[in-house]
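To start, the structure under review is shown below, and the notes come after it.
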Amino acid sequence: MRSQKGVGKGRVSQWWVILAVVVMFLGSPAGTLKAVTVSFIAERDQTRLAAERAFAEAERLADQKNVDAIRQAIAKYAEAARLYHTLGERGKVAECVLKVGVLYLRLGNVYSDLGEKQKALEYYTQALALRRVVGDRAGEATTLNNIGWVYSDLGEKQKALEYYTQALAIFRAVGNRAGEATTLYNIGAVYSDLGEKQKALEYYTQALALFRAVGNRDGEATTLYNIGGVYDALGEKRKALEYYTQAQAIIQAVRRSGK
């Protein structure tokens with residue numbers, strides 16, 4: 001991801017030293033430099049205040065659940081990012097861009113749940129670009145995973161595998177075991193849909209181990225159930241029953257614990 005460079009603090013202070021020397025050399029009144037300095041500081045203060053207001057408004061809108069509010073929040077974050085850029089505050093610019101990426105991901109989820117898969121892909125793609133801009137590797141992997149899920153739902157299984165594979169590599173690189181488990185599960189589901197049951201079992205088994213390692217009981221139960229489904233499809237009914245029973249036991253335990 002490429003972010004434009006702002007004016008660094010060191011550069012600003014160096015510029016003022018040069019200006020001061022020039023003014024002194026020309027014999028300008030001392031008040032001239034002071035007036036320019038005060039004007040510059042006042043302008044920066046106003047810009048910072050405007051940026052902070054835009055950011056605060058974006059935060060307020062982002063907390064709302066409706067699509068219109070999310071879109072308005074994106075516009076406000078963009079406004080804040082532009083203002084922070086003029087101040088040379090690259091960290092705040094990156095924060096705004098990251099938050100916009102999160103919101104695009106949310107919009108993608110909304111449209112995906114509504115069955116508008118192409119619209120979901122549009123927002124996921126925008127989210128992916130922004131995640132890459134700010135170097136958010138875990139967020140990039142999550143977005144790739146979501147894109148893979150949409151393609152899988154559209155029946156484009158090979159394309160889904162391409163995105164899942166990219167996500168898996170990143171999750172492993174950053175040490176995100178929970179994300180790795182989810183992606184392994186998703187890959188297993190694709191291979192199961194393609195009729196490659198042994199391959200599905202390989203990925204489900206890896207996912208199961210990781211879900212257990214991170215303490216994700218829901219993920220563990222779902223994976224056990226799907227492994228049971230694979231064995232069922234393979235005609236190994238007794239083995240399928242073993243996994244179904246394990247899955248059911250976890251589901252009941254989770255319900256009793258209220259978690």
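The values are calculated or read from the model by the stated rules, or taken from the named source; none is laboratory data. Because the structure is a prediction, the values reported are computed rather than measured. Positions of Cβ are backbone-derived with ideal geometry, glycine not excepted, and every protein chain shown enters the neighbour counts.
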Exercise. When you go through (1) part of a helix (DSSP H, G or I); (2) over 20 Å from Val134 (Cβ atoms); (3) modelled with pLDDT under 90 one by one for Gln46, which number turns out not to apply?
Worked result: (3)
Exercise. Would region 16-24 turn up any residue that is modelled with pLDDT of 55 or more and either exposed (fewer than 13 other Cβ atoms within 10 Å of the Cβ) or more than 23 Å from the chain's Cα centre (by Cα) (or both)?
Worked result: no
Exercise. Based on what the data block shows, is Ala240 buried (at least 18 other Cβ atoms within 10 Å of the Cβ), out of contact with any Lys or Arg (no Cβ under 8 Å at 6 or more places or on another chain) and over 29 Å from Tyr124 (Cα atoms)?
Worked result: yes
Seminar exercise, completed: Among residues of region 98-128 being over 21 Å from Glu79 (Cβ atoms) and of a type in the set (Val, Ile, Thr), the residue surrounded by the fewest Cβ atoms within 10 Å (Cβ to Cβ) is Thr125
Seminar exercise, completed: Taking region 192-224 and keeping only residues that are basic (Lys, Arg) and either under 12 Å from Glu180 (Cα atoms) or touching a residue at least 24 places away in the same chain (Cβ under 8 Å) (or both), one is left with Lys197, Arg217
For this session: Go through the residues of region 97-113 one by one and say whether even a single one is touching a Ser or Thr at 6+ places or on another chain (Cβ under 7 Å), hydroxyl-bearing (Ser, Thr, Tyr) and touching a residue at least 12 places away in the same chain (Cβ under 8 Å).
Result: no
Exercise. Is there a residue in region 195-210 that is closer than 26 Å to Gly115 by Cβ and touching a helix residue (DSSP H, G or I) at 6+ places or on another chain (Cβ under 8 Å)?
Worked result: yes
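Of the residues Gly101, Gly91, Gly6, which is under 26 Å from the mean Cα position of the chain (by Cα), outside any helix (DSSP H, G or I) and at pLDDT below 90?
Result: Gly6 is the single residue among Gly101, Gly91, Gly6 that is under 26 Å from the mean Cα position of the chain (by Cα), outside any helix (DSSP H, G or I) and at pLDDT below 90.
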For this session: For Tyr84, work out the one condition from (1) surrounded by 16 or more Cβ atoms within 10 Å (Cβ to Cβ); (2) closer than 30 Å to Phe171 by Cβ it doesn't fulfil.
Result: (2)
